[in-house]
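Single-structure report; data block below.
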Amino acid sequence: MPKHMDIAAPLLPRPASVAKFLDGQHRLLIGDDWVAAASGETLDTLDPADGTTLASVASAGAEDVDRAVQAARRAFESGPWPSMPPNERARLIWRLADLIEANADEIALLESLDNGKPVGDARHFDLPHAIELFRYYAGWATKLNGESIALSNPGTWHAYTLREPVGVVGQIVPWNAPFMIAASKLAPALAAGCTMILKPAEQTPLTALRLGQLVQEAGFPPGVVNILTGYGKTAGAAMAAHPGIDKITFTGSTATGREIVHASTSNFKRVTLELGGKTPVIIFPDADMEKAIAGAARAIFSNTGQICNAGSRLYTHPDVFDQVIEGVADIARNIRLGRGTDPQTQMGPVISSQQLDRITGYIETGQQQGATLLSGGGRPSGSGYFVEPTILTDTTHKMDVVREEIFGPVLCAMKFDPEEIDRISAEANQSDFGLGAVIWTRDIGVAHGLARKLKAGTVRVNGGGLDPALPFGGFKASGWGRESGREGIEAYTEVKSVAVNY
Ligand code: NAD
C-alpha cells in the first residue's frame with residue numbers, strides 16, 4: 001500500500017492547555033469584552049482529518065459588526081492608540097510577538113487541528129513568520145516618515161507630507177494559513193496606529209481567538225483589536241459594506257474580492273486584496289536538478305496545495321522533462337498523508353468536503369479534457385477530507401486545470417518552447433492571475449531576463465519563501481496592493497500634504 005493510503009492515524013492526546021481552550025466558550029472580542037453574538041447564534045468548526053466538531057464559536061452578524069466598529073472608532077478617535085508615542089506602540093507590538101513565541105507550540109497545535117496542516121509546518125513556518133512580522137513592523141512604528149517636498153514653484157512656500165493612520169480597518173482572512181495571514185494584517189495596521197476588526201474564516205476561527213487573548217494579555221488599549229468570528233456572507237459582507245470602516249484588507253478568493261470591492265464603494269473604503277494565483281514554476285536544464293525537483297514538489301504539495309502562491313503550473317525544458325516529472329512523481333508517491341497533529345504526517349487533509357469535491361472534480365475534468373493522470377488522483381478511504389498528491393501531464397492552456405485555481409495538491413506539467421525567452425514568458429503569463437513565479441536556472445542572464453518579463457508580484461529564483469521585508473501581492477486578478485515591507489505599512493496610511501507660506 002502506498003504511504004499516502006495509510007491515513008488511519010489514531011486521534012492523538014491533546015495537551016491540557018489545548019483541551020482547555022477547546023472546551024472554553026468562544027465569544028467575540030469587542031472592546032475589552034468577550035461577548036456572545038447578538039443573535040445568540042454559533043457555528044461549528046470541524047477537524048478536517050475526520051469531520052468531527054472541534055468547537056462552537058459565536059457567529060457574528062451585522063449588529064455585532066456595528067458594535068465592533070463603534071469600539072474600534074472610539075479607540076481610534078478618543079483612545080490612546082493613534083496618539084501613543086510610536087516607540088510605546090512598538091514596545092507593545094514586540095510584547096505581543098514575545099507572547100506568541102512563548103505560546104507557539106500550543107498555537108501551532110490549534111492551527112493544525114483546525115486547518116489540518118502538519119503541526120511541524122505550523123510550528124516551523126507559519127508561527128515563526130507571524131512572530132517575525134510583528135517584530136519587523138514593531139520596528140516600523142518609529143520610522144513612518146513623511147517627506148519634505150521640493151515644490152516646482154516654491155516662492156515663499158515650504159511643503160511636506162505627513163503619513164497618518166487610515167483609521168478603522170476591517171481585516172478578512174481565509175482558512176489556509178489563518179494565524180500567519182492574520183499577523184500579516186494586524187502587525188502593520190498596529191504599527192501604523194490603526195484600530196481594527198479581524199474576521200477569521202468560518203472554517204478556522206480558533207487561532208484568531210487565541211490571538212485575541214494574547215492581545216489582551218499584552219496590554220493593548222480596549223477596542224484597538226476586535227475579533228469577530230462568523231460567516232463571510234453575514235459578518236464579512238457587513239464589514240465590507242459598513243460606512244464606519246475606512247479600509248478593508250482581504251485575503252481570499254478572487255470572486256469574494258470582487259464582491260468586497262462592490263460593497264466597499266458605499267463610503268469609498270481603501271481596499272487591499274490578496275487573491276488567487278496560478279504560479280508557474282519554470283525549470284531549465286542547467287538548474288541543480290535535485291533542488292529543482294524537490295522545490296517543484298514542495299511548491300505544489302506544501303499545505304496540501306492550499307497556498308495562493310502554489311506552483312501549480314510546471315513548465316520544463318523538453319530535454320529534462322522526463323527526469324523532472326519522474327522525480328516529482330516519485331516524491332508525490334512517497335508523501336505520507338495523515339492527521340496534521342501526527343508528527344509523521346507530511347501532508348494533511350484539505351479543509352472541507354466541499355473543497356475535496358471541488359479538487360477531485362478538477363482532476364476528473366482535466367482527464368475528460370485530455371490530460372493524463374501520471375500519479376495520485378485518488379481519495380483515500382476514511383472520514384477525513386484527504387486527496388492524493390496528483391500530477392497531470394499532457395495539459396494545455398485550453399484546459400480548466402491549467403487556467404483556473406484549484407487550491408489543492410494538483411500539478412499540471414508542461415514542456416516549454418525553449419526557442420527564446422519571450423516565448424517562455426508568454427506561456428507563463430498566459431493566465432488571468434499574476435501572483436508568483438519561480439525559475440530554476442544557474443544562468444543569471446536567463447534569471448534576470450525572465451524575472452523582468454514575468455507578470456507576477458513575486459518572482460523567486462532557485463528557491464521559495466517569504467520574508468516580512470519583501471512586498472507580497474499580485475498583478476492582474478491576483479489582487480490590489482501589497483502586504484509586507486514598506487508597501488505593507490504604507491497601505492495603512494493616508495498621505496497628507498502640508499504647504500506653509502512663510
Ligand atoms: P473566500 O473568499 O471564500 O473566503 C475568505 C474570507 O472571506 C473568509 O473569512 C470568508 O468568511 C470571507 N468572505 C466570504 N464571502 C464574503 C463576502 N461576501 N464578503 C466579505 N467576506 C467574505 O476564500 P477561501 O476559499 O477562504 O480562501 C481561498 C482563496 O484565498 C484562494 O482563492 C486563495 O488563492 C486565496 N488566498 C490568497 C492569498 C494571497 O495572499 N494572495 C493567500 C491565501 C489565500
Q. What strands (runs of 3 or more DSSP E), lying completely within the stretch 390-502, carry at least 2 residues that are within 16 Å of the ligand (Cβ to nearest atom) and open to solvent by 30 Å² or more (accessible area, probe 1.4 Å)?
A. 458-461
Q) Looking at the stretch 162-182, which of its residues are more than 10 Å from the ligand (Cβ to nearest atom), in contact (Cβ under 8 Å) with a residue 60 or more places away in the chain and open to solvent by less than 10 Å² (accessible area, probe 1.4 Å)? A) 167, 168, 169, 179
Q) With respect to the numbered conditions (1) away from the ligand (no atom under 16 Å from the Cβ); (2) open to solvent by 10 Å² or more (accessible area, probe 1.4 Å); (3) in a helix (DSSP H, G or I); (4) in contact (Cβ under 8 Å) with a residue 40 or more places away in the chain, which one is the sole condition not fulfilled by residue 234? A) (1)
Q. Taking the stretch 62-88 on its own, how many of its residues are not in a helix (DSSP H, G or I) and not hydroxyl-bearing (Ser, Thr, Tyr)?
A. 6
Q.
Criterion first (assigned to a loop (DSSP other than H, G, I, E, B) and more than 23 Å from residue 428 (Cα to Cα)) does residue 243 satisfy it?
A. yes
Q.
With the structure loaded, tell me whether residue 50 is open to solvent by less than 60 Å² (accessible area, probe 1.4 Å), within 24 Å of residue 203 (Cβ to Cβ) and either at pLDDT 90 or above or in contact with a His (Cβ under 7 Å, 6 or more places away or on another chain) (or both) or whether it fails that test.
A. yes
(Q) If residue 158 meets every condition in (1) open to solvent by 70 Å² or more (accessible area, probe 1.4 Å); (2) in a helix (DSSP H, G or I); (3) in contact (Cβ under 8 Å) with a residue 60 or more places away in the chain apart from one, which number is that one? (A) (2)
Q | Enumeration of residues in the stretch 207-231 that are more than 16 Å from the ligand (Cβ to nearest atom), closer than 22 Å to residue 177 by Cβ and touching a strand residue (DSSP E or B) at 6+ places or on another chain (Cβ under 9 Å) | A | 213, 215, 225
Q) Looking at 351, 293, 363, which is the one that is assigned to a loop (DSSP other than H, G, I, E, B) and at pLDDT 95 or above? A) 351
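The values are calculated or read from the model by the stated rules, or taken from the named source; none is laboratory data. For clarity, every value in this text was computed on a predicted model and none was experimentally measured. Cβ coordinates were reconstructed from backbone atoms using ideal geometry, including for glycine residues, and neighbour counts include every protein chain displayed. Accessible surface areas use protein heavy atoms only, side chains included; no ligands, DNA or RNA. Shrake-Rupley method; radii C 1.70, N 1.55, O 1.52, S 1.80 Å.
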